[in-house]
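Just below is one structure, and these are the notes that go with it.
The values are calculated or read from the model by the stated rules, or taken from the named source; none is laboratory data. Just so it is clear, the model here is predicted, and its values are computed rather than measured. Here the Cβ is made from the backbone with ideal geometry for all residues, glycine too, and neighbour counts use every protein chain on show. Quick note on the areas: whole protein, heavy atoms, side chains included, nothing else; ligands and nucleic acids left out. Shrake-Rupley method; radii C 1.70, N 1.55, O 1.52, S 1.80 Å.
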Amino acid sequence: MTLPLGSGPVRLSLVESEDEESVRTVVRKLLADRCASDDVAATYDGAHSLAAPLWRSIAVDLGLAGLLVPEEAGGAGAGAREAGTVLEELGSAVAPVPFLTSAVIATSTLVHLLSAKPADQSAVRDTLAAAASGESVLTLLLPWSTDPSGPVFTVREEPDGLHGEATLVAGADADTFLVPALGADGAGLWLVDRAAVRVTPGVALDMTRPLATVRLDGARARLVVRGPAAEEAVRAGLLTGAGLLASEQVGLAHWCLAETVSYLTVRRQFGRVVGGFQAVKHRLADLHIAVEGARAAARYAAAALADDPDDAPVAVAVAASVCGEVAIRAAEECVQLHGGIGMTWEHPAHLRLKRAVADQVALGTPVRHRARLGDLVGIVPDRECR
């Protein structure tokens with residue numbers, strides 16, 4: 001299926017390419033072998049043996065940490081479509097890896113700067129090369145709830161270094177922080193080593209994606225770019241992150257639907273397979289329609305991010321408005337339709353429900369994205385109808 005988007009000549013295909021199919025197959029096999037649900041659940045009991053080796057397999061062995069990094073900068077030179085495919089599989093497995101925070105958001109921020117001719121281009125290229133090789137993990141120092149149109153400066157630049165803090169930061173165990181900061185000379189984007197910040201772990205609903213407070217007290221940093229380009233790069237990274245988060249949510253929702261259908265075809269009650277009851281069939285059919293609609297929205301967002309930047313803000317707003325709510329609905333149905341076993345710690349449904357709820361407030365809530373969508377397409381909401 002090929003859809004004409006916008007008023008320009010760009011035509012985006014929502015059909016998965018051979019490259020995307022290959023990426024999906026490889027990532028799915030890796031996660032099946034090395035990311036069992038029991039191991040993921042163990043992270044809630046304080047086990048930390050899964051995340052590091054799994055990330056090394058994804059980042060180094062498969063080379064996916066540099067998926068969005070141009071080839072001339074040491075990466076794979078792929079695009080948002082391939083990254084969205086990876087995130088679908090990671091979302092399905094609830095993999096505790098920093099692919100979204102490092103390989104997507106932080107990396108996209110730096111890649112955007114390559115065309116903006118930053119003050120320190122060597123720093124950008126060196127940082128991207130280290131991230132692409134899996135040698136370094138990056139994160140953008142902003143609250144995980146920051147949406148692409150929200151405030152992006154929580155840190156200030158002073159003569160003795162950077163000061164301030166960001167709360168609820170995802171991926172705070174990174175090696176390098178990308179820090180947007182305001183100073184007397186205007187906005188700037190800085191690189192800060194982990195040793196120069198103080199990280200205080202927080203309590204997160206989804207413990208496969210920990211959150212923390214990161215504080216800077218006169219932190220020494222390396223200036224990458226100053227002026228409007230700094231804010232533009234940060235917003236570009238957040239936009240890519242919000243659009244591809246939708247892919248993660250779709251992967252999670254699809255797992256919940258498939259797992260529920262599989263269970264209901266063997267679970268018997270009153271002498272019948274539970275999935276044979278008409279009321280259950282209706283619920284599953286409605287959920288299937290919702291998940292497929294969300295998948296279309298997520299693929300449209302990934303395709304626009306890759307090939308149609310003019311349409312990307314609208315595409316991302318649509319996907320972010322839809323996919324988070326569908327993921328929660330799918331996870332809730334998974335828990336409920338599994339009956340008593342779905343309420344237990346042993347069943348992996350709770351892992352998906354926690355990730356779905358946490359994802360819904362990440363990078364902007366659906367309500368915030370719907371408001372943004374209205375602004376983008378020129379719809380003024382009637383406040384009396386809210």
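Under 18 Å Cα to Cα from Lys117, which aspartates and glutamates show up? Leave out anything in the same chain fewer than 8 places away.
Answer for Lys117, where 18 Å is the Cα cut-off: Glu71, Glu72, Asp126, Glu231, Glu232, listed by chain and number.
Using a/c under 1.5 as the rounded threshold, could you call the stretch 158-248 rounded, prolate or oblate? The axes a ≥ b ≥ c are square roots of the C-alpha gyration tensor eigenvalues, and prolate needs a/b larger than b/c, oblate otherwise.
Oblate, because a/c is 1.5 or more while a/b does not exceed b/c.
In terms of the Cα gyration tensor, with a ≥ b ≥ c the square roots of its eigenvalues, is the stretch 120-162 rounded because a/c is under 1.5, prolate because a/b exceeds b/c, or oblate?
Verdict is oblate for the stretch 120-162.
Grab the other residues whose beta carbon is less than 9 angstrom from that of Ala358, score K and R as +1, D and E as -1, and report the net.
Its environment carries a net charge of +1.
Of the listed peptides 157-169, 204-216, what is their order by residue-averaged count of other C-beta atoms within 10 Å, with the highest listed first?
204-216, 157-169
Highest GNM mean-square fluctuation, the chain, Cα pairs closer than 10 Å: which of Phe153, Phe177, Phe99?
Phe153
Pairing the Cα long axis of helix 80-93 with the longest principal axis of the chain, what angle in degrees results, from 0 to 90 and rounded to the nearest 10?
50
Angle between the Cα long axis of helix 312-337 and the longest principal axis of the chain, 0 to 90 degrees, nearest 10?
40
Gly342: net charge of surrounding residues, Cβ under 13 Å, Lys/Arg +1, Asp/Glu -1, itself excluded?
Local charge sum for Gly342: -2.
Would you calculate a helix-derived [θ] at 222 nm for the chain, using -39,500 (n - 2.57) for each DSSP H run of n ≥ 4 and dividing by the full residue count, to the nearest 500?
Result for the chain, helices only: -15500 deg cm²/dmol.
Taking the mean number of other Cβ atoms within 10 Å as a proxy for protection, how do you rank 371-377, 60-66 from highest to lowest?
60-66, 371-377
Could you pull the Cα extents of the stretch 63-173 along its three principal axes, largest to smallest, in whole Å?
The Cα atoms of the stretch 63-173 stretch 42, 31, 27 Å along their principal axes.
What translational diffusion coefficient, in µm²/s and rounded to a whole number, does the Stokes-Einstein relation yield for the stretch 178-324 at 4 °C and a viscosity of 1.567 mPa s, taking the hydrodynamic radius as the Kirkwood radius over Cα pairs?
Calculated translational D: 68 µm²/s.
Across the chain, how large is the tail of the calculated P(r) beyond 41 Å, expressed as a percent of all Cα pairs?
Value for the chain: 12 percent of Cα pairs lie more than 41 Å apart.
Give the shape of the stretch 234-386 as rounded, prolate or oblate, defined through the alpha-carbon gyration tensor: a ≥ b ≥ c are the square roots of its eigenvalues, a/c under 1.5 means rounded, and otherwise the shape is prolate if a/b is larger than b/c and oblate if not.
Since a/c reaches 1.5 and a/b is larger than b/c, the shape of the stretch 234-386 is classed as prolate.
To the nearest 10 degrees, how steeply does helix 349-360 sit against the main Cα axis of the chain, on a 0 to 90 scale?
Taking the Cα atoms of the chain, the angle to 349-360 is about 40 degrees.
Which ³J(HN,Hα) values, rounded to whole Hz and listed in residue order, are derived for the stretch 237-244 from phi using the Karplus coefficients 6.51, -1.76 and 1.60 in 6.51 cos²θ - 1.76 cosθ + 1.60 with θ = phi - 60°, glycine and proline given as x?
Per residue, the Karplus-derived 3J(HN,Hα) values read x, 5, 5, 4, x, 5, x, 7 Hz.
Please report the carbon-and-sulfur percent of the accessible area for the stretch 134-176; probe 1.4 Å, protein heavy atoms only, DNA, RNA and ligands left out.
That share works out to 50 percent.
What does the convex hull of the Cα atoms come to per residue for the stretch 1-109, in Å³?
Looking at the stretch 1-109, the number lands at 129 Å³ per residue.
Roll a 1.4 Å probe over the protein chains and send me the accessible area per residue for the stretch 164-229 in Å².
Per residue, the stretch 164-229 has 45 Å² of solvent-accessible surface.
Nearest-5 percent of antiparallel DSSP beta bridges in the chain?
85
How large, in Å, is the stretch 181-225 by the Kirkwood hydrodynamic radius built from its alpha-carbon pairs?
By the Kirkwood definition, the hydrodynamic radius is 12.4 Å.
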